[in-house]
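Report on one structure; see the data block that follows.
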Amino acid sequence: MNDISPAPAATAPADPGRIVLLTTSHRVAPGLLSWPAWQALRDADRVLCADGAHPQLPYLRDAGILVEGASPTARELVDACAGGRTVAVVATGEGEPALTDGLARLAGSGRVRMPDLELLPASYDLPGARLLDLVQVMDRIRAECPWSSRQTHLGLAKYGIEEAYELVEAIEAGDRDELREELGDVLLQVVFHSRIAEEDPDAPFSVDDVAGGIVAKLIHRHPHVFGEETAETPEEVKAHWLRTKAEEKRRTSVTEGVPLGQPGLALTAKLASRARTAHLDVPLPQGEGIGYELLALAARAEAEGVDPEASLRAAARVYRDAIRAAEGGGAEV
């Protein structure tokens, strides 16, 4: 007779536990952690950190979190979780690559029952956070680089002009990689000048003052976004902008604030735009020579909504290509 009694129940495998890898951003003030991160830290059976100087440690200890200074191997960490325990690891700035690689190898071997692994951002970067890195790098360069430490606003002025032109060239060429790089170069000029300005003995200001000023300006000049005004068309937006700008500047002439050092075509277009916007009917001056002819062409282009500088550059590029073609495909001469 066959024995059909049920077999003895197998012993349930031990709970492999849980590993929580907490990552933090150095761009966020220490101690400002997400609520899930605080919960994970308080619920963990053990909290480990390999970096005894980790900026989060004083704040964790103040909150009553016992943090052990330890740098376990992947196998040691898995063993520490055996029996259903939870181990939280406060990651160093590098993100614990050796540990995570080791855990991946163990999991891939198929011979180890792995704990649940959770990657938990305890703090994370907000948009624009990398600008803090740029400010820190600029501080160090200004202090330690023999060239950068001697630069002045006047000495850097030419680079601002060059970088602006290179940015325009990248925009017109449609090169996305070049555009990103040139935007960085222009941003560097802003941060560099702001860092130099901090050292002025009479009227110092910082990059925070620069950013604060432009934020206030943008809010004030966009009452249709931040205030009670309305604007449905680009023309209405421009009207708001010009009105608030006039209130801010209190200028006695529409030509105030137009930099005379800019290229001639752009200068003419800007003056013509100011006059047209102010509804001033000012006849173009008459005179002999190409200068007056160019003046008339630039004013006409502005009236027709054409940027004369950009238009001339586009034509110049065509001319450059024609020259190269005449040289035989760009051969050196």
Completion exercise
Probe 1.4 Å, heavy atoms of protein chains only: per residue, the accessible area of region 38-101 in Å² is 51 Å²
Exercise for the section: Please work out how much length the chain gains when fully extended from residue 233 to residue 147, using 0.36 nm per residue of separation minus the C-alpha to C-alpha distance, in nm with one decimal. Expected result: 26.1 nm
Handout entry: Kirkwood Rh, angstrom, the chain [1 / mean 1/r, Cα pairs]
Key = 27.1 Å
Exercise for the section: May I ask for the distance between the Cα centers of region 197-239 and region 286-306, given as a whole number of Å? Expected result: 33 Å
Exercise for the section: Output ³J(HN,Hα) for region 306-323: one whole-Hz value per residue in order, computed from phi by the Karplus curve 6.51 cos²θ - 1.76 cosθ + 1.60 with θ = phi - 60°, and x for Gly and Pro. Expected result: 10, 7, x, 5, 5, 5, 5, 4, 4, 5, 5, 5, 4, 5, 4, 4, 5, 4
Problem - the chain: calculated mean residue ellipticity at 222 nm from DSSP helix runs of at least 4, using -39500 (n - 2.57) - result: -17000 deg cm²/dmol
Completion exercise
At the level of C-alpha centres, the distance separating region 30-67 and region 135-187, in angstrom, is 40 Å
Practice task
Determine the dipole magnitude for region 253-333: charges of +1 sit on the beta-carbon of Lys and Arg, -1 on that of Asp and Glu, nothing else is charged, the reference point is the Cα centre, and the result goes in debye to the nearest 20.
Solution key: 160 debye
Practice task
Give the share of C-alpha pairs in each 5 angstrom bin for region 282-333, from 0 to the last occupied bin, in whole percents, shortest bins first.
Solution key: 5, 17, 17, 16, 13, 11, 10, 7, 3, 1
Handout entry: Helix 97-109 vs. the chain, principal-axis angle (Cα, 0 to 90°, nearest 10)
Key = 50 degrees
Exercise for the section: Round to the nearest 10 and give me the degree value, 0 to 90, for the angle of helix 207-220's Cα axis relative to the longest principal axis of the chain. Expected result: 70 degrees
Fill in the blank from the handout: For region 115-246 the mean separation of alpha carbon contacts under 8 Å (6+ apart) over residue count, i.e. relative contact order in percent, is 15 percent
Handout entry: Percent accessible area from carbon and sulfur atoms, region 101-243, protein chains only, probe 1.4 Å
Key = 58 percent
Practice task
In debye, nearest 20, what is the charge dipole magnitude of the chain about its Cα centre with +1 on Lys and Arg Cβ and -1 on Asp and Glu Cβ, if you could check?
Solution key: 400 debye
Problem - Whole-Hz couplings from phi, Karplus 6.51/-1.76/1.60, listed for region 53-69; x for Gly and Pro - result: 9, 4, x, 7, 4, x, 6, 5, 5, 4, 7, x, 8, 7, 10, 8, x
Exercise for the section: Measure up 158/217; 158/245; 238/270 against 23 Å on the Cα-Cα distance and list the ones that go over. Expected result: 158/217; 158/245
Exercise for the section: Enumerate the calculated ³J(HN,Hα) couplings along region 275-290 in order (Karplus 6.51 cos²θ - 1.76 cosθ + 1.60, θ = phi - 60°), each rounded to whole Hz, writing x wherever the residue is Gly or Pro. Expected result: 5, 5, 5, 7, 6, 9, 8, 10, x, 5, x, 9, x, 8, x, 5
Handout entry: For q = 0.14, 0.17 Å⁻¹, Debye-computed log10 I/I(0) when each Cα of region 92-166 counts as one equal scatterer
Key = -0.74, -0.87
Fill in the blank from the handout: Working note, region 28-161: Cα radius of gyration (Å, one decimal) and Dmax (Å, whole number) are 20.8, 68
Exercise for the section: Of the options 141, 126, 57, report the single residue whose Cα projects farthest towards the positive end of the charge dipole of region 1-149 (beta-carbon charges: Lys, Arg +1; Asp, Glu -1). Expected result: 141
Exercise for the section: Pick out, in residue order, every one of the trypsin sites (Lys or Arg not before Pro) in region 250-333 that is DSSP loop and has at most 13 other C-beta atoms within 10 Å; say none if there are none. Expected result: 250, 251
Completion exercise
Nearest 10, in degrees from 0 to 90: the angle of helix 234-249 to the longest Cα principal axis of the chain is 80 degrees
Problem - Compactness relative to 2.2 N^0.38 Å, alpha carbon Rg of region 68-119 - result: 1.09
Practice task
Work out the charge dipole of the chain with +1 on the Cβ of Lys and Arg and -1 on the Cβ of Asp and Glu about the Cα centre, then indicate which of 82, 278, 244 is farthest towards its positive end.
Solution key: 82
Problem - Dipole magnitude of region 189-232, debye to nearest 20 (Cβ charges: Lys/Arg +1, Asp/Glu -1, about Cα centre) - result: 140 debye
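Which whole-number percent gives the relative contact order of the chain, counting Cα pairs below 8 Å spaced six or more residues apart?
13 percent
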Handout entry: Given 15 as the ceiling on other Cβ atoms within 10 Å, longest exposed-site-free region of the chain for GluC sites (Glu not before Pro) in DSSP loops
Key = 95-197
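The values are calculated or read from the model by the stated rules, or taken from the named source; none is laboratory data. Computed from a predicted structure; not experimentally measured. Ideal geometry is used to build each Cβ from the backbone, glycine not excepted, and the neighbour counts take in all protein chains shown. Side chains are part of the model used for accessible areas, which takes the heavy atoms of the whole protein and leaves out ligands, DNA and RNA. Shrake-Rupley method; radii C 1.70, N 1.55, O 1.52, S 1.80 Å.
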